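Here's the structure we're looking at; comments come further down.
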Number of protein chains: 4
Amino acid sequence: MRIGILTSGGDCPGLNAAIRGVARAAYQTLDAEIIGIRAGYRGLIDGDYQIMERHQFSGILTLGGTILGTSRTPFRNMRVVEEDNVDKVYAMKMNYKAMRLDCLVALGGNGTHKTANLLSDEGLNVIGLPKTIDNDIFGTDFTFGFHTAVDIATDVIDRIHTTAASHSRCMVIEIMGNKAGWLTLYAGMAGGADVILLPEIPYDIERVAKVLDDRAKLGKFFTIIAVAEGAMSQEEAAMKKKEREAARMEREFYNVSQHIAAQLEKLTNVECRTVIPGHMQRGGSPCAYDRVLSTQFGVHAAHLIKQGQFGVTVALAGQQITQNRLADIAGVPKPVDPESQIIRAARNINISFGD
Amino acid sequence: MRIGILTSGGDCPGLNAAIRGVARAAYQTLDAEIIGIRAGYRGLIDGDYQIMERHQFSGILTLGGTILGTSRTPFRNMRVVEEDNVDKVYAMKMNYKAMRLDCLVALGGNGTHKTANLLSDEGLNVIGLPKTIDNDIFGTDFTFGFHTAVDIATDVIDRIHTTAASHSRCMVIEIMGNKAGWLTLYAGMAGGADVILLPEIPYDIERVAKVLDDRAKLGKFFTIIAVAEGAMSQEEAAMKKKEREAARMEREFYNVSQHIAAQLEKLTNVECRTVIPGHMQRGGSPCAYDRVLSTQFGVHAAHLIKQGQFGVTVALAGQQITQNRLADIAGVPKPVDPESQIIRAARNINISFGD
Amino acid sequence: MRIGILTSGGDCPGLNAAIRGVARAAYQTLDAEIIGIRAGYRGLIDGDYQIMERHQFSGILTLGGTILGTSRTPFRNMRVVEEDNVDKVYAMKMNYKAMRLDCLVALGGNGTHKTANLLSDEGLNVIGLPKTIDNDIFGTDFTFGFHTAVDIATDVIDRIHTTAASHSRCMVIEIMGNKAGWLTLYAGMAGGADVILLPEIPYDIERVAKVLDDRAKLGKFFTIIAVAEGAMSQEEAAMKKKEREAARMEREFYNVSQHIAAQLEKLTNVECRTVIPGHMQRGGSPCAYDRVLSTQFGVHAAHLIKQGQFGVTVALAGQQITQNRLADIAGVPKPVDPESQIIRAARNINISFGD
Amino acid sequence: MRIGILTSGGDCPGLNAAIRGVARAAYQTLDAEIIGIRAGYRGLIDGDYQIMERHQFSGILTLGGTILGTSRTPFRNMRVVEEDNVDKVYAMKMNYKAMRLDCLVALGGNGTHKTANLLSDEGLNVIGLPKTIDNDIFGTDFTFGFHTAVDIATDVIDRIHTTAASHSRCMVIEIMGNKAGWLTLYAGMAGGADVILLPEIPYDIERVAKVLDDRAKLGKFFTIIAVAEGAMSQEEAAMKKKEREAARMEREFYNVSQHIAAQLEKLTNVECRTVIPGHMQRGGSPCAYDRVLSTQFGVHAAHLIKQGQFGVTVALAGQQITQNRLADIAGVPKPVDPESQIIRAARNINISFGD
């Protein structure tokens, strides 16, 4: 039994923990050989791999990043079957055979899962593992990496809180998440944000300004706003995607946090500052929750291999580890539901979503 | 609407976050008045309380401990209806009326919930909130405080790891949990423990010693053992509780970690050391996960009050917040299931449970 | 004895610890009354203050921010004695008398100390306390807040490290410090940066690019660059300040990190990303080092008051707490010395300063 | 040029950072070969070593423990020249020659430095590096590892604080340090302890009890006591060492924290609990301060080698890195001076030393 593993897409805490889970369970329950494919699908296309030894999986549980390296999606455009794509898929199939793989475990986010599904359709034995700090993979309650990113973003908000209060300022913290607001929602709630702006709930800047004014009336001269990268105003939400992108290029500030801060300074008398923690949200040692989840996910992948169940991705349903068919989840978005229990809970403690 | 709140039992991260959740949702959705009862049920017995003001719930989301104070269970013995108990229950009923409460929200663990159920049986409107670092309350997937304690215990194991490796030692870390091994299981898995000893899976010290020997044969001269306070050997497990307690008093070392370390030093040639982090596992600021969960729990309590649904405790089922009847969960244990998926996952990556 | 305290300038960890140190020592050794002046010198100008009570200094040792509030320097231009300035100084003198202060303790950075010196010249009894994350106050080895900021920035670099390695990227982390590079130097060394760019050592971008190329030749496809906000190229260093500012406005990217990343992408084949942690470097709970230092500084201020020694600011010399005359240190810069022992040490482990 | 390195004595954060500093500076400025001696002096006695490669020093800056392994002092009794000792010294000299070393860098605490001095007297070229969390090496202001241990112990006190307050308890935290109280003093001050008990200032338990009573009178029903492992009562201080050891064996509790807690419970009505964080104080990743200091120390060792200056140990004097003669510092204690500025500062903010 030869198992190929690759990690694809952006960095995410827990990748090494998941790799270790797959490998240790595969060694123990399948007596398998592990083939480490370098730098994501690029390594599969180029035939860049190594046969791993057991000791290489020691001491990596707590390590950030990925010992296999990663790269962005190999395809320029997933939706069109361009000639280039056909060539790359062909190369991946050939290398899968050349490496004499019995199956391929692909750790990644939405792009990774689309490619995994495509390779599965081509007849390869593929299993996905859902990693992303964005928590936007359909069919799993949580992806690994998410809760670590929540911890990091929450820590940022905690630090900003004291500055906001001391200076009587409004602080706008821009949190990762272009299409889905999970990270901003959780970090915002954990950090005690007064306003949370998500892609799923378009905001009205006047309503946000009103929060600042209302707080000032209560003698609270500072406000914490957690805003997702992909948050959009109600006007923007009414546009088509291309129009919206064009409109953003026209703004004084491209980053949403700076755009919002500038608008709020005009609408209120409050001094506004922005913080954009950026990439630090996706690096470093995974938190305990993600170490356990990644390990369980990895072990479950080995379990599925043992059962010969391919064309699936591992998932969390409640507290149980299970799996979904790649065909059912690839490319399906998982936005925050504006009517969900957690959004209602946030509203009930007077958090504003600017709507 | 007058809502009484109390926190009872051992300290636990997230108590203030939950109190804040109840209060902010109650102010906003019920326009209620919040009565803070001091030091748990003792305050209800003694009539020691204060009418809270809104600002008292500001800035406490991140704060460890409880602004209301806490105390251990008011009853010396829950199972016998002693005269003393009757008096105390009577006092609590009288003070509930004297405070003109419409309901009582009790935050605590198993003991707290037994008393809550008792007061509910007596006709008071009671709602429980399940807090405990032990995660041993029946009917909820997780209690708040648990994941913070996992983080702390994992951090201890992380620090110990380097010392173990540098000195080629076996380190035995004793983690809280007398009846349930949840905390040890999660922290052990997150910290990369080689051996995890739980109350639910009695160990054979010879098998634990064999792990050390087997690792030495592979050139790994250090071992990490995570042991729950309440872990027991297979001989102890065969005893009745009183016998077991008596046997422990006879041992050279009372603490299980020291007992195990001493035995392992005799059975192997490996130097063993113990670490007992103790109370630090139940103090300090809650992690992001627990802040969100505590907040959701608190808001749900307000929601139940609004619906007039009493005699229940809030619970997590999957990722949904729900509730259970106090009568169904009070006094029901929630041990780790030795056949559960997570235990099997741990075994599949070669973690030994000493059995 | 009535002691006024104010905190002025940007937020900085340890302000509350220092305030507590002054207050507790003043209560105990001087039986003094403490007057809290709100929002820095603005409160002294406006007569906005309160008589503090002892309990207000409890529980603030670990708290970020400042319980007194802060504001930027009250003067638009320190160097010119404008009419506005004269009015403000007059107002401060009047309020000092109106509050019946025996002395004023001013916590802040360079701007704060200039104003403190000015008030001292006007006959007020003033004592300064050097706080700033920039560590750029002349005459003291360290300011409080600095080591906390080093911890935060180092943690950012740690997290970024794994992403850089996994993606084979160059990561450029922009660290606070406009005029002085202390924070970047310490965090860069602690975080294992390959390149450190400081205002005090102008860089040649070609030399920085060469580091990336040289590393690639050794098989290291990632590079960590720690750059101070105020870092400048050798061309910029040759300009006058106004020219330099104008040139920066012309650049594609205003932020130095983005400017450098863009240039490096052109000069090398390496993908470059930036991280700008910003304000999170100046907020939150102080680290242990800063709690002890702030406390010692605060106590020393009370000691100086007892001795009637005014017109001075507290300082650290080696491990001793001492003081300097305000007249000797106000407005004197404290840049990193390019020939200092620590810079040479950094060079000896192959850290490049781009020169 | 062949440089041998060994790490000896207890684990300590910063060992790997210091090793990396020596190695990187030696490679760059001396073009040296580094010989890694395994498990401290034991490796020198047994001839257990390896020739290191450059890549082995990559990525270890942040790593706890020591990549070289460590062991306790090789001598059973340093003070007597036993036959066994003579044999071991002879073996070390022979292996030094057999390895063709030009010098030996020994990283360790007091025991390590005594042996280093002994080897220096025997004609070997030895340089010491002062590592210990206890900060008790004469002639250096700080050792590396100390500030990390302060951070860890302070974090423990922070977590305990909330539990103490919520339960109205006295918490007694036992901090490492048998002969010197530096760690307890700094962590106690940083953690806001009410009482700090050090080996250097013998306590009177009645006076400690009085602190609890006095606080209760002010409405503060909890107390934090930071006690060094080696703290002693005034009665014990009057005894000879052997008597004292014998008396301790007779006590109900051997650990000083438990002994004190039991006494305080008898003398007051306050519930007392103990926390003994133990080995976690000496493990894990070094804090930023220690990473910089360790690096500077390591680089300075390479600098001394280049200058041919042996028989010395690296030291911190103020903020300068310097060196002392091994003969001048080996075996010289460095206790906290009860009359020092920092002790007086602590007393001035009403911290009790129980005297």
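For the stretch A:27-45, filtered to residues that are assigned to a helix (DSSP H, G or I) and touching a residue at least 40 places away in the same chain (Cβ under 8 Å), the residue that is farthest from A:A98 (Cα to Cα) is A:T29. Just the residues that are in contact (Cβ under 8 Å) with a residue 60 or more places away in the chain, in contact with a helix residue (DSSP H, G or I) (Cβ under 6 Å, 6 or more places away or on another chain) and part of a helix (DSSP H, G or I), please, taken from the stretch B:116-155. Matches in the stretch B:116-155: B:A116, B:N117, B:S120, B:H147, B:T148, B:A149, B:D151, B:I152, B:A153. Only residues that are under 18 Å from the mean Cα position of the chain (by Cα) and either farther than 16 Å from C:L104 by Cβ or within 14 Å of chain D (Cβ to nearest Cβ) (or both) were counted across the stretch C:296-323, and they come to 6.
Quick check, is B:D84 out of contact with any His (no Cβ under 8 Å at 6 or more places or on another chain) and at pLDDT 95 or above? No; evaluated as a whole, the condition is false for this residue. Within the stretch D:147-172, the set of residues being among the aliphatic types (A, V, I, L, M) and over 15 Å from D:I276 (Cβ atoms) comprises D:V150, D:A164, D:A165. In the set B:A247, B:A237, only one residue is surrounded by fewer than 19 Cβ atoms within 10 Å (Cβ to Cβ) and modelled with pLDDT of 95 or more; that residue is B:A237. Out of (1) buried (at least 24 other Cβ atoms within 10 Å of the Cβ); (2) of a type in the set (S, T, Y); (3) in contact (Cβ under 8 Å) with a residue 40 or more places away in the chain, what's the single condition that is false for D:T268? D:T268 satisfies every listed condition except (1).
If the condition is being at pLDDT 95 or above, in contact with a strand residue (DSSP E or B) (Cβ under 8 Å, 6 or more places away or on another chain) and more than 7 Å from chain B (Cβ to nearest Cβ), then the stretch D:270-292 contributes D:C272, D:T274, D:Q281, D:P286, D:D290.
D:A216: out of contact with any Lys or Arg (no Cβ under 6 Å at 6 or more places or on another chain), of a type in the set (G, A, S) and in a strand (DSSP E or B), yes or no? Answer is no for this residue. Among the residues here, A:V86 qualifies as farther than 30 Å from B:H161 by Cβ, hydrophobic (A, V, I, L, M, F, W, C) and more than 14 Å from chain C (Cβ to nearest Cβ). None of A:L197, A:L183 is in a helix (DSSP H, G or I), under 22 Å from A:K241 (Cβ atoms) and either within 14 Å of chain C (Cβ to nearest Cβ) or in contact with a Gly (Cβ under 8 Å, 6 or more places away or on another chain) (or both) except A:L183. Among the residues of the stretch C:5-44 satisfying the criterion of being buried (at least 24 other Cβ atoms within 10 Å of the Cβ) and of a type in the set (S, T, N, Q), which is farthest from the other protein chains (Cβ to nearest Cβ)? Taking the candidates together, the pick is C:S8. With the structure loaded, tell me whether A:E229 is surrounded by 15 or more Cβ atoms within 10 Å (Cβ to Cβ), within 29 Å of B:D151 (Cβ to Cβ) and more than 14 Å from every other protein chain (Cβ to nearest Cβ) or whether it fails that test. Considered against the rule, which asks whether it is surrounded by 15 or more Cβ atoms within 10 Å (Cβ to Cβ), within 29 Å of B:D151 (Cβ to Cβ) and more than 14 Å from every other protein chain (Cβ to nearest Cβ), A:E229 comes out as yes. Of the residues D:G111, D:G188, D:G192, the single one that is surrounded by fewer than 23 Cβ atoms within 10 Å (Cβ to Cβ) and either modelled with pLDDT of 95 or more or more than 14 Å from chain B (Cβ to nearest Cβ) (or both) is D:G111. Of the residues making up the stretch A:196-253, those that are closer than 24 Å to C:F253 by Cα and not hydrophobic (A, V, I, L, M, F, W, C) number 8.
Quick grid of which residues meet (1) modelled with pLDDT under 95; (2) in contact with a strand residue (DSSP E or B) (Cβ under 6 Å, 6 or more places away or on another chain):
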| position | (1), (2) |
| --- | --- |
| A:L6 | no, yes |
| A:C12 | no, yes |
| A:R20 | no, no |
| A:A23 | no, yes |
| A:Y27 | no, no |
| A:D31 | yes, no |
| A:I37 | no, yes |
| A:G40 | no, yes |
| A:I45 | no, no |
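Among residues of the stretch B:222-244 that are free of Cβ contacts under 8 Å to residues at least 24 places away in the same chain and outside any loop (DSSP other than H, G, I, E, B), those with a Cβ under 6 angstrom from a residue that is buried (at least 16 other Cβ atoms within 10 Å of the Cβ) and not aromatic (F, W, Y), sequence gap 6+ or separate chain, pair up as B:R244/B:E236. Could you tell me whether any residue of the stretch D:258-265 is surrounded by 15 or more Cβ atoms within 10 Å (Cβ to Cβ), without any contact (Cβ under 8 Å) to a residue 12 or more places away in the chain and aliphatic (A, V, I, L, M)? So far as the stretch D:258-265 goes, yes, one or more of its residues are surrounded by 15 or more Cβ atoms within 10 Å (Cβ to Cβ), without any contact (Cβ under 8 Å) to a residue 12 or more places away in the chain and aliphatic (A, V, I, L, M). Out of curiosity, is A:V292 crowded, with 22+ Cβ neighbours inside 10 Å, without any contact (Cβ under 8 Å) to a residue 40 or more places away in the chain and in the same structural domain as A:A116 (by TED's automatic domain parsing)? In short, yes. Of everything in the stretch D:133-155 that is more than 14 Å from chain B (Cβ to nearest Cβ) and at positive phi, the residue that is farthest from the chain's Cα centre (by Cα) is D:G139. Restricting attention to the stretch C:55-81, the residues that are modelled with pLDDT of 80 or more and either assigned to a loop (DSSP other than H, G, I, E, B) or β-branched (V, I, T) (or both) total 15.
Scoring D:I137 on the criteria (1) in contact with a Ser or Thr (Cβ under 6 Å, 6 or more places away or on another chain); (2) in the same structural domain as D:G278 (by TED's automatic domain parsing); (3) of a type in the set (V, I, T); (4) over 30 Å from B:P13 (Cα atoms) leaves a single failure, condition (2). Note on the stretch C:156-180: among residues that are part of a loop (DSSP other than H, G, I, E, B) and at the interface with chain A (Cβ under 10 Å from one of its Cβ atoms), the one that is farthest from the chain's Cα centre (by Cα) is C:S168.
The values are calculated or read from the model by the stated rules, or taken from the named source; none is laboratory data. Bear in mind that the values here come from a model prediction, so they are computed numbers and not experimental data. Positions of Cβ are backbone-derived with ideal geometry, glycine not excepted, and every protein chain shown enters the neighbour counts.
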